Amino acid sequence: MKILAIETSCDETAVAIIDGQGDKLKVLSNIVSSQIDIHKKYGGVVPEVAAREHALNIIPVVNEALAEAGIKPEQAKSKLAAVAVTAGPGLITSLIVGVETAKALAYAWNLPLVAVNHIAGHIYANWLSNKKLKFPAIILTVSGGHNLLVLMTDNLKYKIIGDTRDDAAGEAFDKGAKMLNLGYPGGPAIAAAAEKFSGKVSAKIKFPRPMINSDDFDFSFSGLKTSLLYQLPKDKNWPNRINEYAHEYQQAIIDVLVAKTIKAAKKYQAKTVLLAGGVSANKELRQQMAETVADKLPGVAFGLPDLKYTTDNAAMIASAGYFKFKAKQTINPDKLRANPNWEL
Ligand code: KG4
Ligand code: ZN
């Protein structure tokens, strides 16, 4: 059962084709046309520019995904089972390009259409590894736009048990990197700087672990950002200690993410703990979460998406789309509208 999926919620124009059989998924193509170099000079994504680039790129990227999967455009109608698309959340003008393209393809090829929530896509990146995942599962899904702890009791059954009260962890990485002059996107830049530091962080560099002991599963990262903002001017030597600051800043984020995830998994007696979203590309987070789950939650399985499926891509949308299609959750193209605030 082959699914073609489109993802244009932010600044990556992405199209993928996967082949699903039962619970087994095979990625036939996964094309991501990144706009990072274009947005870099502005220090962040400019929505108007992103939408224009999506409009220019989307058809070539669809064609490339078909070609790589060995499907000629005239065969798409008979070889594909459905078209899936990210309908939200995200930047409205970016989403519209993907959604309207998917609707046009579904009409032209006479195929069913599946609307996929972007966050569900990030979560379903974990199903591309083809491991048998047992429910209940606790998923920490963290990116630039969202920061959630999700309880899944079955396929497609989500309950949000924790959210951020202000910034998402990815946003904290991006804003921290800006203050440390490390550039954009901030997550990989902070991670690379942090890795260069070894030894013990000076006692003078100290960041809070906001809400780490709160009774709920919510997060808050804006205080961490403010703490960096106030500490830097007090340290005249900070430009020579960027790696040390990055190291401690990253560790503060990881400590909170790990502690809350473990606490949630205990409370909901999870059989599986999963990471998802752009921040799950962070090597230290991956490693420390794996170690802590093994240490504190014996018998609980831990899963991670393959690195190439952590940041925005369409294979993850195809994965979630496949499960929705199997559950007969399709939508009439006339009824589908991009929804920038679509909640999981
Ligand atoms: O999921 P994603 O590609 O886009 C959104 O849905 O937001 O996530 C992008 C976010 C950015 O904030 C970026 O800085 C962060 O993920 N990110 C990382 C790493 N790679 C990407 N954060 C920490 N460490 C990384 N290695
Ligand atoms: Zn994303």
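Throughout, read-outs are computed from the coordinates displayed, never taken from laboratory work. No experiment lies behind these values; they were computed from the predicted model shown. Cβ atoms come from the backbone with ideal geometry, glycine included; neighbour counts cover every protein chain shown.
Diffusion coefficient (Stokes-Einstein, Kirkwood radius over C-alpha pairs, 20 °C, 1.002 mPa s) for region 134-304: 132 µm²/s, rounded to a whole number.
The listed peptides 64-70, 204-210, ordered by packing as a protection proxy, come out as 64-70, 204-210 (highest mean of other Cβ atoms within 10 Å first).
Under a Cβ-Cβ cut-off of 14 Å, what is the net charge of the residues other than Phe325 that fall near it, where Lys and Arg count +1 and Asp and Glu count -1? Around Phe325, the surrounding residues sum to +2.
Which whole number of Å³ per residue matches the convex hull of the alpha-carbon atoms in the chain? Intermediate values should be presented prior to the final figure.
Values: hull volume 43.5 nm³, N = 344.
Considering the Cα atoms of the chain, their hull volume per residue is 126 Å³.
A cut-off under 13 angstrom between Cβ atoms defines the neighbours of Phe221, and their net charge, with Lys, Arg +1 and Asp, Glu -1, is -2. Highest GNM mean-square fluctuation among Ile138, Ile331, Ile262, for the chain modelled with Cα contacts below 10 Å: Ile331.
In this structure, the amide hydrogen of Gly88, modeled 1.01 Å from its nitrogen in the peptide plane, lies closer than 5 angstrom to those of His118, Asn339, counting only residues at least 5 positions away or on a different chain. Normalised by 2.2 N^0.38 Å, with N the number of residues, the alpha-carbon radius of gyration of region 224-300 equals 1.37.
Order of 126-136, 188-198 by packing, highest average Cβ count within 10 Å first?
Numbers: 126-136: 15.8, 188-198: 17.5.
Output ranking for 126-136, 188-198: 188-198, 126-136.
Count Lys and Arg as plus one, Asp and Glu as minus one, and take only other residues whose Cβ is under 13 Å from that of Lys271; the net charge is then +3. Rounded to whole numbers, the Karplus 3J(HN,Hα) couplings from phi for region 257-272 are 4, 5, 4, 5, 5, 4, 4, 5, 4, 5, 4, 9, 6, 5, 9, 9 Hz, using 6.51 cos²θ - 1.76 cosθ + 1.60 with θ = phi - 60°, and x at Gly and Pro.
By the beta-carbon count within 10 Å of each Cβ, the least crowded to most crowded order of Met152, Met179, fewest first, is Met179, Met152. Across region 166-312, C-alpha contacts under 8 Å between residues 6 or more apart give a mean separation that, scaled by the residue count, equals a relative contact order of 25 percent. Shown in residue order for region 43-54 are the 3J(HN,Hα) couplings computed by the Karplus curve 6.51 cos²θ - 1.76 cosθ + 1.60 at θ = phi - 60°: x, x, 6, 9, x, 4, 5, 4, 5, 5, 5, 4 Hz (x for Gly and Pro). Computed 3J(HN,Hα) for region 239-253, one whole-Hz value per residue from the Karplus formula 6.51 cos²θ - 1.76 cosθ + 1.60 where θ = phi - 60°, is x, 8, 10, 4, 5, 5, 4, 4, 4, 6, 5, 4, 5, 4, 5, glycine and proline marked x.
Each residue in Glu291, Glu244 was given a count of other beta-carbon atoms within 10 angstrom of its own, and listing them fewest first yields Glu291, Glu244.
When peptides 161-169, 86-94 are sorted by average Cβ neighbour count within 10 Å, with the highest value leading, the order is 86-94, 161-169.
Between Asn240 and Asn110, the modelled labels are 7.4 nm apart [label points 7 Å from Cα along Cα→Cβ].
Mind sorting Ser220, Ser143 by how few other Cβ atoms lie within 10 Å of their own Cβ, fewest first? Spell out each step's value before the answer.
Details: Ser220 17, Ser143 26.
Listed from fewest to most nearby Cβ atoms, that is Ser220, Ser143.
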